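Asker: Got a structure here, written out as structure tokens. Questions coming.
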Amino acid sequence: MLSGRRGRLDRTRRTALRPDVQSALTPGLPHPLGATLLDGGVNFAVASDAASHIELCLFDAGGAERRMPLPMHTDGVWHGFLPGAGDGLVYGFRAHGHYEPRRGLRFNQPKLLLDPYAREIVGRFVWSDLAFGYQSGHPDGHLSFDARDNAAQALKARVAAALPPTRVPAPQVAPSDTVLYELHVKGFSKLNAELPAPLRGTYAGLAHPASIAHLTALGVTTLSLLPVQYALPEQRLVENGLVNYWGYNTIGFFCPDPRLSSTPTDPTATRAEFRAMVDALHAAGLEVLLDVVYNHTAEGDQNGPTICLRGLDGALYYRLVAHDAARHENWTGCGNTVNFARRRVTQFVLDSMRYWVQEFGVDGFRFDLGAVLGRTAQHFEPDAPFFVALLQDPVLARTKLIAEPWDLGPEGYQLGRFPGRFMEWNDRFRDGMRRFWLQRGIGRGEFARRLAGSSDRFQHGLRQPCASVNYITAHDGFTLTDLVSYSHKHNHANREGNRDGHGANFSTHCGVEGPTTDAAINARRARLKRSLLFTLLTAQGTPMLLAGDEIGRTQRGNNNAYCQDNELSWLDWSSVDAQLLGFVRRLLALRRKYPALRVNRWLSERRHADGRKEVEWLRPDGQPMTVADWHDETRHCLAVTGGDGEEHLLALFNAESADVEFTLPAGRWQCELDSAHPVHETRIPLAGRCRVAAQSVVLLVLADTPPR
């Protein structure tokens, strides 16, 4: 087999970096991992079980390199202390060992490796043959060995000083009060003319008063940011002139992505800008959650580059095919799968999470393809070691945790099986509500089940309705406007022949594919959007609103705009649908006003002191729903009433294509909202009957009850 020591390097550029930096490393400590400032120097520690030894490589301003073997190996960690070193020191690692891909070993000493714990990353990654550990075009493909040095173009780490400890206290939003708002940092403010041009599309832009004013006036409580950790675009995208706009291709798990910074060439300033953004949002009462991608890395499959974990110990960090360790398990659809069966992986991810909480003050995490986190030998386990370690971690105890409860591995769909502290993206809610309103492909039973918190998935193990993250749209898929404007995806701009993106969207064009000047079609689309939003924001569970849906954003039918870093993805603040925005603000105000719209317990038909049931489902004629009614898929109208004994609400849902007259329960009812009308009008209290327009919802509150 080839050895990782093959290939001679040009050593003529090695020079001393600073007079006060010692020429040799002392043993140092095996913890914490990464580069840590200690009194009198920097401690370096990096995990690798299979490396024969690891070199610390230091670089001066001119790129000259000095190599220093890490002197100690303790419990799988190579470590050493460099006296006289401080923040700003640029470094990388070179890992020595066997190059035996069929055993999962790809040690290639000529390839400079990025510290997995890098707090600051310098340089610019270049997609070239030098980035790979094997020879491009070689008959043996990824089994071959490339002995060329790549240090000149490799990403490098820089020792970072800690940010000042002062921070605005984080808001404490109760689970029942939480309203998620999913946004892309760049896309949210890039086209907002109210911001200074240099701040648009940046962390500072999201923290700008104009951005915060929109968020607070809207009424959301918790921002869920698409990935902000240091990510790389895939080679295929770069060759096609595209980028990974969403950022689900992480390589720097401790480092804010410079592409979202107003000072992208200064990692220290980028870190400070990110922390200032979190502080500003906290001061406005807004929580900040991060969408994190711990399931795979930007190194891709066995044909991918050697940047970091692959070169340090790929057999430790990644899942390899059992009968062919030269290949990666691809349970993520992104080439590789991080191996949470290994304790070092659990340590790495928890260390990363704690860093974002302690250094930057974030309030929680949404885990992309979260089922990967619970896989040990192969299958998903709710009590997997990672979950056990996470849920007892004192630093992470206060954080909100959200899982995307699936991956591409064996039995990959795990909705409802995550540990109790987790919330989970509920695609059953998404699809059920789309089908009920737009295609009428389900009955009232499924609609009611999703509206009432999806008890079939979450009412076990003392879990509460807030565990269900309800959403109609998310970054992945149609926007709300496109959901009622297109029957088919239009992803041609992605240059994949319109083959990418999900085909089952349960959408409708309402008569014409795409934009139209037909007033009747546009009115129907607007009414459906309001009805969908009403259903989302009044259902039991935790609602999630996609940024831009409240102002009518369109992606022109593209339901997979991951590579569209342009006006197609950015929010267009010059064409805000003011009526729709006002409607969403009013909906969220009603959610805050009435506790019955955010009850975080499983409802039953038990009665209050006034004799009314806690919740009751009714047919349009006012009679209780029967078993036959629940299974009748030809009718798509029903009412639900409930309250806490002091207030009683009544929601009338009509997804039919014609108006429906509802018989109201006894009493006088005041109309709080009618989705058929974008502007609320005060109306006289109703009694007896209420006509509900086609494809709309009416919310009533009991004004007074008749004497008994």
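The values are calculated or read from the model by the stated rules, or taken from the named source; none is laboratory data. Bear in mind the structure is a predicted one, so any value in this text is a computation, not a measurement. All Cβ positions, even for glycine, are placed from backbone atoms using ideal geometry, and neighbour counts span all protein chains on display. Areas reflect the complete protein model, heavy atoms only, side chains present, ligands, DNA and RNA absent. Shrake-Rupley method; radii C 1.70, N 1.55, O 1.52, S 1.80 Å.
Asker: In vacuum, with every alpha carbon of region 154-197 counted as one equal point scatterer, what does the Debye formula give for log10 I(q)/I(0) at q = 0.18, 0.19, 0.31, 0.34 Å⁻¹? Two decimals, please.
Answerer: Each listed q maps to, in turn, -1.02, -1.00, -1.05, -1.19.
Asker: Could you please state how large a percent of the accessible area of region 475-569 is carbon and sulfur, counting protein chains only and using a 1.4 Å probe?
Answerer: Ligands and nucleic acids excluded, carbon and sulfur give 50 percent.
Asker: Leaving ligands, DNA and RNA out of it, report the carbon-plus-sulfur percent of the accessible area of region 173-307 at a 1.4 Å probe.
Answerer: Carbon with sulfur: 58 percent of the solvent-accessible area.
Asker: Can you compute log10 of I(q)/I(0) for region 387-537 with the Debye formula, treating each Cα as one identical point scatterer, at q = 0.09, 0.11, 0.12 Å⁻¹?
Answerer: Log10 I(q)/I(0), no solvent term: -0.37, -0.53, -0.62.
Asker: Which of rounded, prolate or oblate describes region 313-469 when judged by the alpha-carbon gyration tensor and an a/c cut-off of 1.5?
Answerer: oblate
Asker: Here is a further query. Among GLY432, LEU401, TYR117, whose Cα lies farthest out toward the positive end of the dipole of the chain, if unit charges sit on the beta carbon of Lys, Arg (+1) and Asp, Glu (-1)?
Answerer: Result: TYR117.
Asker: Evaluate the relative contact order of the chain (contact order divided by residue number), counting alpha-carbon pairs under 8 angstrom at least 6 apart; express in whole percent.
Answerer: 10
Asker: What's the center-to-center distance, using Cα atoms, between region 547-567 and region 154-188 in Å?
Answerer: 24
Asker: Counting only C-alpha contacts under 8 Å and six or more residues apart, can you give the relative contact order of region 368-448 as a whole percent?
Answerer: 26
Asker: Given a 1.4 Å probe and every protein chain left where it sits, what share in percent of the accessible area of region 578-643 is carbon and sulfur?
Answerer: 52
Asker: Which whole-Hz couplings ³J(HN,Hα) result when phi for each residue of region 508-513 is put into the Karplus expression 6.51 cos²θ - 1.76 cosθ + 1.60, θ = phi - 60°, listed in order with x for Gly and Pro?
Answerer: 8, 9, 6, x, 9, 6
Asker: Here's another thing I want to ask about it. Name the lysines eligible as straight-distance cross-link partners of LYS489: C-alpha to C-alpha under 21 Å, and not fewer than 8 places from it in the same chain.
Answerer: Answer for LYS489, where 21 Å is the Cα cut-off: LYS529, listed by chain and number.
Asker: Of all DSSP beta bridges located in the chain, what percent are antiparallel, nearest 5?
Answerer: Counting only bridges with both partners in the chain, antiparallel ones make up about 75 percent.
Asker: Please report the antiparallel percentage of DSSP beta bridges with both residues in region 202-358, rounded to the nearest 5.
Answerer: Beta bridges within region 202-358, antiparallel portion: roughly 60 percent.
Asker: Would you rank HIS636, HIS138 by solvent-accessible area, highest first, keeping every protein chain in place and using a 1.4 Å probe?
Answerer: Most to least solvent-accessible, the answer reads HIS138, HIS636.
Asker: Assuming a ≥ b ≥ c are the square roots of the Cα gyration tensor eigenvalues, decide whether region 64-216 counts as rounded (a/c under 1.5), prolate (otherwise, with a/b larger than b/c) or oblate.
Answerer: Because a/c hits 1.5 or more and a/b exceeds b/c, region 64-216 counts as prolate.
Asker: Something else about it: Rounded, prolate or oblate: which fits region 502-584, taking a ≥ b ≥ c as square roots of the Cα gyration tensor eigenvalues, rounded meaning a/c under 1.5, else prolate when a/b beats b/c?
Answerer: Rounded is the answer for region 502-584, as its axis ratio a/c remains below 1.5.
Asker: Quick check: the distance between the Cα centres of region 453-490 and region 51-92, to the nearest angstrom?
Answerer: So the separation of the two Cα centres works out to 47 Å.
Asker: For TRP437, TRP570, write out the residues from largest to smallest accessible area, computed with a 1.4 angstrom probe and no ligands counted.
Answerer: Output order, biggest surface exposure first: TRP570, TRP437.
Asker: With n ≥ 4 as the cut-off for DSSP H runs, can you work out [θ] at 222 nm for the chain, using -39500 (n - 2.57) per run divided by the number of residues, rounded to the nearest 500?
Answerer: So the calculated ellipticity at 222 nm is -5500 deg cm²/dmol.
Asker: Using all Cα-Cα distances in region 611-708, what percent lands in each 5 angstrom bin from 0 up to the longest?
Answerer: Percent of Cα pairs in each bin: 3, 13, 24, 26, 19, 10, 5, 1.
Asker: Accessible surface of HIS73 in the full protein assembly, 1.4 angstrom probe, to the nearest 10 Å²?
Answerer: 80
Asker: Round to a whole angstrom and tell me the spacing of the C-alpha centers of region 292-363 and region 634-702.
Answerer: Using only Cα atoms to place each centre, the spacing works out to 51 Å.
Asker: Round to the nearest 10 and report in Å² the accessible area of MET423, as given by a 1.4 Å probe over the protein chains' heavy atoms.
Answerer: Roughly 20 Å² of MET423 is accessible to a 1.4 Å probe.
Asker: In square angstrom, what is the accessible area per residue of the chain with a 1.4 angstrom probe?
Answerer: That works out to 37 Å² for each residue.
Asker: Check which residues have an amide H placed less than 5 Å from ARG691's amide H, if you skip close sequence neighbours.
Answerer: PHE662
Asker: Explain nothing, just compute: Karplus ³J(HN,Hα) = 6.51 cos²θ - 1.76 cosθ + 1.60, θ = phi - 60°, for every residue of region 304-311 in order, whole Hz, x for Gly and Pro.
Answerer: Calculated HN-Hα couplings, in order: x, x, 9, 10, 8, 5, 4, x Hz.
Asker: Using θ = phi - 60° and the Karplus curve 6.51 cos²θ - 1.76 cosθ + 1.60, what whole-Hz ³J(HN,Hα) does each residue of region 665-674 get, with Gly and Pro shown as x?
Answerer: x, 4, x, 9, 10, 9, 6, 9, 6, 9
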